[in-house]
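In what follows, a single structure is set out as structure tokens and then discussed.
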Amino acid sequence: MSKSSSDKRHFIIVAVLVVVTTVVMGIVLNGVLELPVAASVQAHTVDWLFRVHMWLIAFLFALVSVFMVYSFVVFRRGKRQDEGEHFEGNTTLEILWTALPLVAVAVFAYIGVVTLNTVTSAPPDEMVIKVEGAQWLWNFTYPDGTLSTNELVVPVDQNLTMQMSSKDVIHDFWVPEWRVKEDVVPGLTTTVHYTTDKTGEFDMMCNQVCGLNHTLMIAKVKVVTQEEFATWQQAQLVKQDLQTASR
Ligand SMILES: [Cu+2]
């Protein structure tokens, strides 16, 4: 076999192995790294980007490991006494391995910025809920004055904006099923947006170590239907009125 045709054969085999290894690693990585249920529109966008990254990681792993292992096995010295061809520098290769990663990084930076912009931009007709973090509980105030402590009840298919402030130290608003999280900083008003798309009960936990009982700073999140939300809000308002009257 001529040298150039045997080189070509090696490259074809390596290319096929890279594709196969990428597919296997991609499936394994995406299967092993199971994410919590996605319960907001933003969560699906975040998960999509996460999966795309896993596939890129699988490809880079395959590219490096297949070339390395193939070279170890196929080009090992063994009984052969001949030495490999010696050459210095290869301008085409150098241009390629500089330009391709540069393009890949630029493309991923672009996708990252677009995704970040999508999940952090304010949705239209949102319900603005004021959130106050304090050592070690969460207070929620709804647009109509409904108050709630450690329980966030919201309707499904609703755009939400959390307007957050802190009474004392830095806390962090995090519902894993909604993915996006944001710090709650004393002296600042920070915001985070969600569009709920699944009913259910989730935990909202402080994600910034904020003192002795940080791990207990958990609020219940209930995503309910519009009707259930209206009923809850009514009951909550009646309870509030009774409390004010009894004072
Ligand atoms: Cu906290």
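The values are calculated or read from the model by the stated rules, or taken from the named source; none is laboratory data. Keep in mind that what you see is a predicted model, and the values were worked out from it rather than measured. Please note: Cβ atoms are built from the backbone with ideal geometry, for glycine as well, and neighbour counts cover all protein chains shown.
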Check the stretch 59-75 and report whether any residue there is closer than 30 Å to Ala39 by Cα and either within 16 Å of the ligand (Cβ to nearest atom) or outside any strand (DSSP E or B) (or both). yes
So which of Arg179, Arg247 is touching a helix residue (DSSP H, G or I) at 6+ places or on another chain (Cβ under 6 Å) and basic (Lys, Arg)? Arg179
Name every residue in the stretch 139-176 that is surrounded by fewer than 18 Cβ atoms within 10 Å (Cβ to Cβ), within 20 Å of Ala235 (Cβ to Cβ), modelled with pLDDT of 95 or more and of a type in the set (Val, Ile, Thr), in order of residue number. Thr141, Val156
Condition test on Leu35, is it under 30 Å from Thr199 (Cβ atoms), free of Cβ contacts under 8 Å to residues at least 24 places away in the same chain and assigned by TED's automatic domain parsing to the domain that holds Ala109? yes
Kindly provide the set of residues from the stretch 220-247 that are in contact with a strand residue (DSSP E or B) (Cβ under 6 Å, 6 or more places away or on another chain) and loosely packed, with under 14 Cβ neighbours inside 10 Å, ordered by number. Gln226
One residue is enough: does the stretch 11-28 have a residue meeting the conditions surrounded by 12 or more Cβ atoms within 10 Å (Cβ to Cβ) and out of contact with any helix residue (DSSP H, G or I) (no Cβ under 9 Å at 6 or more places or on another chain)? no
Ala43: passes all of (1) touching a Phe, Trp or Tyr at 6+ places or on another chain (Cβ under 9 Å); (2) exposed (fewer than 14 other Cβ atoms within 10 Å of the Cβ); (3) touching a residue at least 40 places away in the same chain (Cβ under 8 Å) but (2)
So for the stretch 51-61 (the condition being more than 30 Å from Val192 (Cβ to Cβ), of a type in the set (A, V, I, L, M), surrounded by 11 or more Cβ atoms within 10 Å (Cβ to Cβ) and modelled with pLDDT of 90 or more), does at least one residue qualify? yes
Can you tell me how many residues in the stretch 1-40 are part of a loop (DSSP other than H, G, I, E, B) and farther than 24 Å from Arg51 by Cβ? 2
Would the stretch 84-107 turn up any residue that is surrounded by 11 or more Cβ atoms within 10 Å (Cβ to Cβ) and in contact (Cβ under 8 Å) with a residue 40 or more places away in the chain? yes
Selection count where residues are without any contact (Cβ under 8 Å) to a residue 40 or more places away in the chain and more than 17 Å from Trp138 (Cβ to Cβ), scope the stretch 178-187: 1
